[in-house]
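The values are calculated or read from the model by the stated rules, or taken from the named source; none is laboratory data. These numbers come from a predicted model, not from an experiment. Cβ sites come from the backbone with ideal geometry, for glycine too, and all protein chains shown count toward neighbours.
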Amino acid sequence: MRQKQRKIPLWRQVYDALKEQIEQNRYGDSLSIPTETKLMEQFSCSRVTIRRAMKELLKEGYIARQRGSGTSINPSRCEISTTLNAKRINEFNDRRDRRIVSVSYETAPAEVTSFFQIPAKKTVLKLERLLFSENKPIAVNTMFLNLELEPDRLKAYNGSLYELLSEKGYPVTEILERFTVSSFDEREQELLGLDGPEVVMRRVRTGCSGTVPIEYSYTAYLAKDYELTVKYSS
């Protein structure tokens, strides 16, 4: 019998979102983060939740506190990241190799709503897609879009989503990607038809159209016998 996945505590969701923002240096050179009151509004949670998340960030060395100067980000925990600025970004993989599994409006993880700068309880468009190679599923893509689109239209759409975003007036002009290695979760194993744990290469992508945050996506690739090539063009 399959065990139920444990719900992630709200304080942990806030911690994960703030941690990612610190690592991606989204607070700029000031090394300061919003006040507790602003964070409470951003994540729609209590002061107790914010303080618990901040306590863990302090414990892990992501932030520092000094009497009289408040809380600041530890600069050693900010990663150097690479971004691409272009007039237009598109996908180059074969459109026949992608298949939409589901399209729905759902509440998103804390790091997504934080990136989109929307209330934590607001629903956003979520797509699940499978990527195929020689008729074999080799990757699961979960994408959140900060845009109002008809789910039924997307279910029947097999073109580049970036072309669709451009048609809607939101061409993706800047992206940031982060790659890690781990194992598949239960949902990914189910979609890929895996019998047991497999090594996975993960890609987290955020995309903006000008100054508007428009895309947050997770892709999990089968690492065995698979090579990922990322190509950008302007």
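Computed values, structure above
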read-out: Pairs where the first residue, in segment 151-176, is in a helix (DSSP H, G or I) and the second is surrounded by fewer than 16 Cβ atoms within 10 Å (Cβ to Cβ), C-beta under 6 Å, 6+ apart; value: Tyr162/Glu91
read-out: Filter result for Glu174 (within 25 Å of Asn146 (Cα to Cα), more than 14 Å from the chain's Cα centre (by Cα) and either of a type in the set (A, V, I, L, M) or surrounded by 12 or more Cβ atoms within 10 Å (Cβ to Cβ) (or both)); value: yes
read-out: Any chance Thr180 is among the β-branched types (Val, Ile, Thr), assigned to a strand (DSSP E or B) and closer than 15 Å to Glu128 by Cβ; value: no
read-out: Residue in segment 178-192 that is farthest from Thr219 (Cα to Cα), counting only those that are surrounded by 13 or more Cβ atoms within 10 Å (Cβ to Cβ) and modelled with pLDDT under 75; value: Ser183
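Rundown of residues vs (1) over 18 Å from Pro109 (Cα atoms); (2) among the hydrophobic types (A, V, I, L, M, F, W, C); (3) modelled with pLDDT under 80, yes/no style:
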{"residue": "Leu127", "(1), (2), (3)": "no, yes, no"}
{"residue": "Glu134", "(1), (2), (3)": "yes, no, yes"}
{"residue": "Leu145", "(1), (2), (3)": "no, yes, no"}
{"residue": "Arg153", "(1), (2), (3)": "yes, no, yes"}
{"residue": "Asn158", "(1), (2), (3)": "yes, no, yes"}
{"residue": "Glu163", "(1), (2), (3)": "yes, no, no"}
{"residue": "Glu167", "(1), (2), (3)": "yes, no, no"}
{"residue": "Pro171", "(1), (2), (3)": "yes, no, no"}
{"residue": "Ile175", "(1), (2), (3)": "yes, yes, no"}
